[in-house]
1. Scan the range 641-652 residue by residue and report those that are more than 20 Å from Leu354 (Cα to Cα) and assigned to a loop (DSSP other than H, G, I, E, B).
2. Is it fair to say Gly223 is crowded, with 21+ Cβ neighbours inside 10 Å and either outside any strand (DSSP E or B) or modelled with pLDDT under 95 (or both)?
3. Which residue is surrounded by the fewest Cβ atoms within 10 Å (Cβ to Cβ), if the candidates are limited to the range 401-428 and must be aliphatic (A, V, I, L, M) and farther than 18 Å from Ser379 by Cβ?
4. Need pairs with beta-carbon distance below 6 Å; first residue closer than 22 Å to Asn71 by Cα and within the range 87-100, second among the acidic types (Asp, Glu) and part of a strand (DSSP E or B); sequence gap 6+ or separate chains.
5. What helices (runs of 4 or more DSSP H) lie completely within the range 262-352 and have 1 or more residues being surrounded by fewer than 20 Cβ atoms within 10 Å (Cβ to Cβ) and more than 24 Å from the chain's Cα centre (by Cα)?
6. Quick one: count up the residues across the range 458-504 that are among the β-branched types (Val, Ile, Thr) and without any contact (Cβ under 8 Å) to a residue 12 or more places away in the chain.
7. Is the range 296-317 home to any residue that is of a type in the set (Val, Ile, Thr) and under 19 Å from Glu613 (Cα atoms)?
8. Of the residues that make up the range 653-664, is at least one assigned to a strand (DSSP E or B) and either out of contact with any His (no Cβ under 9 Å at 6 or more places or on another chain) or on the phi < 0 side of the Ramachandran plot (or both)?
Amino acid sequence: MRTLFVLAFRCVLVAFLLLPLAVRTATANQLTAEEEKVIAEQILQDEEATQVYAGVRYIWLGRYQIEVTLNASAELPQNLFIRLKAGAKNDRRTFLARWQDKQGTVKEQLVEYGGYDGFRFLDLPVPNELSSPVTLRLLGKGSRQGFFSKVAVVAHDAAETANSSSVEMKVSLLLATTQGPVDGRFAEAYPEIARLWQESADTEENVTADGPEQAFRLAARHGRQAHEMFFRCRKYMEGWLAQADPKTGLIPRNLTASRDIWNPEDAAADNYPFLVLAAFVTDRPLFEGRMLEMLRTETRLTSRLSALPDAWSFSKQDFVRSEPSLAALIFGGSEYVKDGLLPLTEYLGPSPWLERLMAIENAIWEHAPISTPFGPIPSDNVEVNGEQLQVLSRIYWLTGEKKYLEWAERLGDYYLLGSHHPTRDFPDLRLRDHGCEIVSGLCELYVAVSFAHAEKADAYRAAIHEMCDRILEVGCDARGMMYNVIHPQPGTHDPGICDTWGYNYNGIYSVYLIDRTSRYREAVRRVLSHLRDDVGDYHWGSADEYADSLEGAINLYNREPIPSAAEWIDRKIRDMWKPQRPDGIIEGWHGDGNVARTALMYAFWKTQGLRVEPWREDIRLGAIFQKGQLYVNLTVDRPWTGRLLFDRPRHKHFFHLPLDYPRINQFPEWFTVDENESLMVENVNHGERHEVAAQKAWSGLELHLPDPGEYRWIVTKHRR
């Protein structure tokens with residue numbers, strides 16, 4: 001738990017006249033300029049600057065408590081109030097206002113506000129009966145907790161201020177205690193299945209012993225672990241599809257005040273794609289039917305400026321905004337492409353979702369509005385530009401079209417050769433999301449030009465290393481965990497640990513793969529070696545934050561298989577799923593999709609990339625690769641006929657990448673079969689062996705399992 005840190009200033013306040021005690025929202029005609037005076041105000045922003053909405057930084061009560069202390073030289077003047085600039089996202093927000101004075105008198109009030117989008121003023125009268133000093137503590141309450149961008153002390157009658165007493169004010173932020181996600185009691189709804197999952201958690205099964213029997217037992221354990229992920233993802237998918245708009249079939253942004261809205265940056269980018277992937281793995285008819293129809297509907301309804309999508313209202317059956325905003329269209333389109341359609345392409349390869357990706361991406365650059373010395377770019381927002389660097393660096397290889405590399409280099413020149421270098425020029429560099437995208441994006445571009453444009457790689461090299469070196473120098477704690485925000489020039493940082501630490505290490509490790517800078521690899525190995533249970537609970541109170549942290553760990557473990565990291569991932573994956581409800585919904589917002597994304601990554605690790613078609617709730621498939629052989633265990637509770645499918649080197653076959661470098665939202669490859677390889681498959685149950693060509697392994701080995709029980713295979717790979 002982090003210690004208290006304080007944002008404080010002191011100012012002179014003076015006395016004023018009576019104000020009503022009820023909480024009220026300030027309006028333009030509530031008090032005239034002559035009737036009130038803002039005595040003092042302060043922007044509410046933590047040193048991490050981790051929360052931004054509509055371009056405004058704020059403090060969220062889910063992360064911090066806000067404490068405002070008023071201290072007078074004599075008694076506090078009466079009849080003053082605290083004015084908050086309170087944020088909402090077309091929803092209702094709640095918080096607890098707790099007043100306390102030096103006598104220990106406490107007055108509490110539950111405050112509800114909202115129903116608008118953005119920030120409006122909210123007034124809290126200071127109780128007249130309290131004695132100086134008076135402390136107001138704002139605490140999170142309910143499922144949608146308040147967030148605020150400013151606090152002010154306001155006098156009701158400016159004419160009276162000249163006769164006021166001297167008052168000191170201090171504003172402090174206290175880290176809210178988080179115990180991780182609240183238990184949604186999903187497992188209690190499926191007790192028989194949950195017992196299998198608990199067996200996987202409780203039983204080590206001689207995992208360090210040698211021999212085929214121990215390998216198969218571990219593969220069986222992996223099968224139970226993977227089964228939990230597939231089963232939960234299936235229920236997540238069913239839960240969200242039940243909430244879809246009846247007319248359009250599209251899913252809402254969330255299940256609270258934004259359930260009337262579909263939008264590209266949230267519903268489309270973070271949730272819908274992983275409903276698609278869950279269907280692909282567990283229900284192919286649903287994947288080929290309803291999921292594809294949702295894509296066609298979204299494309300038809302929401303494309304507003306060429307292919308760029310805009311937010312859609314179910315009740316209006318029209319766009320949310322009466323007039324389009326180019327900045328909003330580019331932001332939403334970039335989020336949809338990078339966070340949603342690109343991960344789908346990483347796993348599915350060419351598909352209708354790739355066609356949508358390409359159409360939106362071309363539209364983003366067709367309308368790029370920001371003029372620079374290097375040519376027009378889509379945005380001056382580092383999140384958007386970082387996303388674009390990631391997308392362009394991959395689809396250049398996928399398509400072979402030079403324009404995508406040229407667009408990416410335009411951004412690379414802007415940040416690495418111009419006056420916008422992330423650690424040399426940025427006063428603040430977010431290593432958390434909504435900022436970290438630029439770090440991994442620039443590193444992805446460096447990988448691309450290292451193979452495709454050597455002169456540009458030479459031009460970028462020093463600047464790339466300068467960025468990576470400074471992040472490692474001032475952005476990490478002793479274990480290698482990264483801070484939310486760093487201030488690169490003075491070398492300072494906020495105290496909080498970011499959940500996206502692995503996203504930044506993806507980029508740094510990618511630079512290691514190009515230049516073989518050993519300290520970059522050792523930095524990754526250090527953080528993986530130091531993963532412990534105390535890492536991950538700083539303020540990772542949501543399942544989504546666990547999902548991002550675990551994704552980074554899985555992706556890096558795929559490259560550097562350090563045992564302690566695997567043990568940590570196995571433990572923390574359960575915290576991620578903790579809030580899931582019996583209906584399958586996790587937390588009821590678009591972040592639910594990110595949980596499913598990471599769960600599928602974890603499941604494919606436990607199956608070594610294998611899967612079955614058709615999937616069924618009783619099937620447990622697990623595998624482990626040891627000493628050059630893959631041990632596969634498939635357990636069924638009733639007869640089953642289907643196919644066992646093997647993975648391929650998707651980075652090569654789908655994207656044509658020259659190197660399988662770690663990248664955000666990829667699905668790591670484990671046991672893969674290339675086109676010039678074949679498999680020798682030994683059926684342990686029947687003592688049979690046969691050779692399988694790569695194409696057959698990809699399309700699936702046909703299996704008929706006539707009896708309930710456990711089936712085993714040993715698979716060896718050969719070059720053809």
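1. Hit for the range 641-652 is Phe646, nothing else.
2. Answer is yes for this residue.
3. This residue is Leu417.
4. Pairs found: Arg98/Glu108.
5. Of the helices (runs of 4 or more DSSP H) lying wholly inside the range 262-352, those with at least 1 residues that are surrounded by fewer than 20 Cβ atoms within 10 Å (Cβ to Cβ) and more than 24 Å from the chain's Cα centre (by Cα) span 292-302, 326-335.
6. 0
7. no
8. No, the range 653-664 contains no residue that is assigned to a strand (DSSP E or B) and either out of contact with any His (no Cβ under 9 Å at 6 or more places or on another chain) or on the phi < 0 side of the Ramachandran plot (or both).
The values are calculated or read from the model by the stated rules, or taken from the named source; none is laboratory data. A quick note: this is a predicted structure, and the numbers were derived from the prediction, not measured. Note that we place each Cβ from the backbone using ideal geometry, even for glycine, and neighbour counts take in every protein chain shown.
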